[in-house]
Amino acid sequence: MLTLEFGGDGQHEVELDGYGTCLNADWVAPDLKGGLAAANAPYVSPAMPEYYNLHGGPVAYVRGTVPELSARFRAPEGAQSDVQIIGDVRAEFHVGEGKTELYQTRFSGRAKRLNGEWVADVLSCQHPLPAEIGYAEAFTIRWHLKTADGSPYDAGVSTVPLYLLRESPGEGVPLLHTTVNLACRAAAGLEEDAEIIDAVWQPFAARHVPRARDGQALAYYGAYHSTAGDLRGLLVAGTGQCTTWAFLQYAALGAMGIDSEVMMVMSKGKGGIMVRRWAHLDGARFISSGPNGICETTVAGDDEQAIEVGSGRPNTRAVEVVPAKFQKDQLKGDDIIRGRSWGNYLLTGPDGIVQTELDMNDFLPVVPLGFGVAQQRGYQITETEAEVVVSGDDSLTRDANGKGWVLTGPNGILETTPQDGMKSAAMGRVTVSLGKGSAGLNLHTYLPRRRFAQLPRNTGGDDLVHDDSWISTGPNGIVETAAIDGEEQVMPLGTGAPEVPVIGPGPDGVLNTEPAGDDTILDISDTLKLAGEDARYLSQVNIWPLAGVPGQRTSNPKPGFPNHVILKVGETIFDPSYGTGPFPDHATWEEASLAGRNAAIKDADGKRVGSQAVREGRLSYMQKLLSPH
């Protein structure tokens, strides 16, 4: 046997988690040159994980439907012109907790000889697939050929993972291996929307959402200053922003035909939002930790001691990994390097296609080799009644304003030829043309990997390791760990966060304490006045983030963002990035999730001098985002 492709009325294509789609063959013989990627070029990346060569591409059907197959077999020289094909199936489906169903059937049909191969366009069977939501880790078919004299010949074995959906997915919902695997495992044997929604949510709530191909738990930001911003990038790199996590839950529910809305949360005023938990100290005049960052002052009167004598601000970043940097001699094709911070960016060049392959010990791919950024606009459809025919894996969509677009599809390459009633979607520096991807996008194609060279990383005192990539001062707030090769000493040994409030005024509103040691007086009243009469807090000064709000596979994500993205199912709110919820409404989510909002403070010359933090009143509002494709 050479190749196998699944079809039939109930079949739905499942993407290889960002590495493309098996449009030509779902299974390829292990000895066939180039494997699954070559058989499906250019729709599957040549850097596709080996898992798919070993296990085949994932296949999905609506439960209870009857599959059809097409297949190719080697025909030895001098072989007869046609043969009978027989494929015997034996597969164990998981269709509920502790419940399995053995599925057995036979595919059969005739194959004709063509260019040294026997080709069977239609192989049918009589038995429908199980009638419940579920999955078979190995849908195994043993193949035989029968010649004219009735002699049977062994033709090999094929095995793919096969998933059973409750119904056809919602329109435009992307089916990816991990989202389908997540949905079918969680919802196996279930029927009602409410119980499926709850079951799919459980891995998010446990903060352990595994990627299908390798079981690796996906991460929310993790160790990265910047990370994937789209669903496919999350599944390729294993780490992503809040947008990707909302899309992940959206797509898992959509695989079962359940509608949801991806919602962006934004600050009520200009600025960003502060994710709980934060501590605060009221007042405008404080005793600060001084240059050494350690409190050396004992509180007097009714003043409030925020940090104990002999300690610094807890859980401050002390040591971090220095990420690898992209080098020009690593570049292939017309790929380019841009930017100087955080290890810089590796971007696609004028052709919009990734041509550089890097060592995955140092860099994580976000856009696979041979691909462009997925689902970018290729053409705008200018005539509403235009009959557009897309090619390759390109797709059609409409935006919130009703405008029609041809998108570049999962492989990010425009394959549709120009037609009447459409025009190029190129805009400004972003260009796209036939056979190329979107060029001019300032998006990562690789992330520098941040991970300690030696694990476990030993620390001094009560310092703590976070996400295998950085060390904090721990509860006592003092740096007790020295950086080694490949690491940066963010703060010197024996010090804490400098010039931060350690004592503030008590109920009488007056600071009664005098500083000791190298502690100093810190007065923020002038800065607060710039922010307005009601301003009370300066972000990272008299209000600061605490540890203890974990995200997905992340012990201590960033404490503030310009916005946040969550999922709304009916009126219920879920926050998949943090695994929190469900919440009955936006207000309840905000109360549980936000510590405040902030906005820049500028002086008379327009220079930024700080950031005001607001804790009172309604902090945010929601706005629906376009669903992912």
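The values are calculated or read from the model by the stated rules, or taken from the named source; none is laboratory data. No experiment lies behind these values; they were computed from the predicted model shown. In this analysis, Cβ positions are derived from the backbone assuming ideal geometry, glycine residues included, and neighbour counts consider all displayed protein chains. Remember, those area values only see protein heavy atoms, side chains included, never the ligands or the DNA or RNA. Shrake-Rupley method; radii C 1.70, N 1.55, O 1.52, S 1.80 Å.
General observations
- Packing-based order for 90-100, 180-190, 441-451, using average beta carbon neighbours within 10 Å, highest first: 180-190, 441-451, 90-100
- Structural descriptor for the chain: relative contact order 17 percent, calculated from alpha carbon pairs under 8 angstrom and at least 6 residues apart.
- Prolate/oblate/rounded call for the range 2-165, Cα gyration tensor, a/c under 1.5 rounded: oblate
- Among 613-624, 555-566, sorting by the average number of other beta carbon atoms lying within 10 angstrom of each residue, highest first, gives 555-566, 613-624.
- Prolate is the label for the chain, because the ratio a/c of its alpha-carbon gyration tensor axes (a ≥ b ≥ c) is 1.5 or higher and a/b is greater than b/c.
- Relative contact order (%) - the range 2-165, alpha-carbon pairs under 8 angstrom, separation at least six: 24 percent
- The range 2-165 - charge dipole about Cα centre, Lys and Arg +1 at Cβ, Asp and Glu -1, debye rounded to 20: 440 debye
- Dipole axis of the chain (+1 Lys, Arg; -1 Asp, Glu on Cβ), positive-most option in 266, 540, 437: 437
- Around residue 279: net Lys/Arg minus Asp/Glu count, Cβ-Cβ under 13 Å: +2
- Shape class of the range 88-130 from the Cα gyration tensor (axes a ≥ b ≥ c, square roots of the eigenvalues): prolate, since a/c reaches 1.5 or more and a/b is larger than b/c.
- In the chain, helices alone account for a calculated mean residue ellipticity at 222 nm of -3000 deg cm²/dmol, with every DSSP H run of four or more residues adding -39,500 (n - 2.57).
- Measuring nothing but protein heavy atoms, the accessible surface of the range 542-629 at 1.4 Å probe radius is 51 percent carbon and sulfur.
- Net charge of neighbours whose Cβ lies under 11 Å from the Cβ of residue 363, counting Lys and Arg as +1 and Asp and Glu as -1: 0
- Packing-based order for 411-419, 320-328, using average beta carbon neighbours within 10 Å, highest first: 411-419, 320-328
- The value of relative contact order for the range 123-168, using C-alpha pairs under 8 Å at least six residues apart, is 43 percent.
- The range 348-479: Rg to Rh, with Rh as the Kirkwood radius over Cα pairs: 1.25
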